[in-house]
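Accompanying notes for the structure given below.
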Amino acid sequence: MVVDLLADLREEGRELDSIVGELPPEAWAWSTPAPGWSVAHQIAHLHWTDRAALLALTDAEGFARMVEEALKAPESFVDEGAEEGAALEPAELLARWRYGRAALDAALVAASPDARFPWYGPPMKAASMASARLMETWAHGRDVADALGVPSTPTARLRHVARIGVRARDYAYAVRGLPAPEGEFRVELTAPDGAGVWAYGPADAPQRITGPALDFCLLVTQRAHRADLALTATGPDADHWLDIAQAFAGPAGRGREPRGGGGQGGGGQGGDPRGGGR
């Protein structure tokens with residue numbers, strides 16, 4: 001299971017690398033759907049959070065110091081980190097991101113599977129850390145692909161993103177100071193290849209979410225507005241959840257503006273980049 005997860009994380013990184021690896025320098029300055037963030041900002045942020053994850057896995061005291069610095073500017077430290085990286089020459093930024101991915105991969109492989117490591121949200125095991133990195137790589141990679149006009153084909157790797165989105169249900173309420181609903185929801189998502197359904201929660205739960213897995217992942221990473229997605233809620237609690245769902249740690253995101261129409265959305269302002277937003 002963990003071996004497969006790490007393989008999926010590597011592949012998600014390689015797929016994004018294949019998009020940006022041969023870009024001319026000027027393309028790194030192109031705007032992405034996150035206002036104020038270029039392609040370089042997106043990669044710089046991924047590199048920044050990879051370094052944070054590496055510290056969390058290997059140097060708890062160093063990570064604590066990083067958190068202390070972040071708390072001095074809670075509303076701007078993520079943007080500042082992205083700005084710092086985006087100011088590098090594209091070739092240098094690309095090299096640093098690649099090196100950081102490799103170092104993090106080695107740390108995840110070496111990490112005790114039962115240990116819990118600090119993070120901006122609740123502490124988590126190495127497998128959860130890997131899932132979170134895959135989620136964020138996919139979400140920011142989606143923004144990069146959209147900016148460059150590169151077709152983005154959903155894969156079975158989205159099951160990791162969907163699982164985080166389901167498990168983070170109560171966190172989405174807590175971060176907004178709201179009580180979480182009692183009982184689990186049933187979530188049934190059509191796999192990207194259309195050949196099966198990813199199901200979570202009791203089959204007889206009265207509160208239900210159904211729809212394409214891609215749309216659910218776009219929603220919980222705040223890459224698209226609910227109005228642009230083919231997700232159906234049954235029950236008032238499930239309906240409310242779709243308005244506030246987030247798969248990432250940190251403050252509640254502002255979400256993205258609706259584009260109009262239905263189907264796979266995207267574009268606009270996202271949430272907190274520490275877990276997958278912006």
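Computed from the coordinates by the stated procedures, all read-outs in this text should not be read as laboratory data. Keep in mind the model is a prediction, meaning the values are calculated, not measured. Note that we place each Cβ from the backbone using ideal geometry, even for glycine, and neighbour counts take in every protein chain shown.
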If Ile164, Ile244 are placed from fewest to most neighbouring beta carbons inside 10 Å, the sequence is Ile244, Ile164
What is the gain in length, in nm to one decimal, between Ala227 and Ala29 on full extension, counting 0.36 nm per residue of separation less the C-alpha to C-alpha distance? 68.3 nm
Karplus 3J(HN,Hα) series, Hz, for region 101-111 with 6.51 cos²θ - 1.76 cosθ + 1.60 (x for Gly, Pro): 4, 5, 5, 5, 4, 4, 5, 5, 5, 7, 5
For Val166, Val109, what ranking results if the residue with the fewest other Cβ atoms within 10 Å of its Cβ goes first? Val109, Val166
Per the C-alpha gyration tensor (a ≥ b ≥ c, the square roots of its eigenvalues), region 74-176 is rounded if a/c is under 1.5, else prolate if a/b beats b/c, else oblate; here it's rounded
With θ set to phi - 60° and the Karplus curve 6.51 cos²θ - 1.76 cosθ + 1.60, what are the ³J(HN,Hα) couplings of region 175-191 in order, to the nearest whole Hz, using x for Gly and Pro? 5, 9, x, 10, x, 6, x, 7, x, 7, 9, 9, 10, 10, 10, 6, 4
Around Lys125, which amide H atoms from residues at least 5 apart in sequence, or from another chain, sit under 5 Å from its own amide H, with H modelled in the peptide plane? Phe117
Taking 7 Å along the Cα-to-C-beta vector as the label spot, tell me the Glu75-Ala106 distance in nanometres, rounded to one decimal. 4.1 nm
What fraction of the Cα pairs in region 2-133, stated in percent, has a spacing above 19 angstrom? 52 percent
Gyration tensor on Cα atoms of region 6-54, a ≥ b ≥ c root eigenvalues, a/c under 1.5 rounded, else prolate if a/b beats b/c, else oblate, says oblate
Please compute the Cα-Cα pair-distance distribution of the chain with 5 Å bins starting at 0, giving whole percents from short to long. 1, 6, 13, 17, 20, 18, 13, 8, 3, 1, 0
The chain: relative contact order in percent, alpha carbon pairs under 8 Å with at least 6 residues between: 18 percent
Return the percentage of antiparallel bridges among DSSP beta bridges fully within region 92-236, rounded to the nearest 5 %. 65 percent
Sort His240, His140, His47 so the one with the fewest other Cβ atoms within 10 Å of its own Cβ comes first. His240, His47, His140
From the phi of every residue in region 62-75, what ³J(HN,Hα) in whole Hz does the Karplus formula 6.51 cos²θ - 1.76 cosθ + 1.60 yield, where θ is phi - 60° and glycine or proline is x? x, 5, 4, 5, 4, 5, 4, 5, 5, 5, 6, 9, x, 8
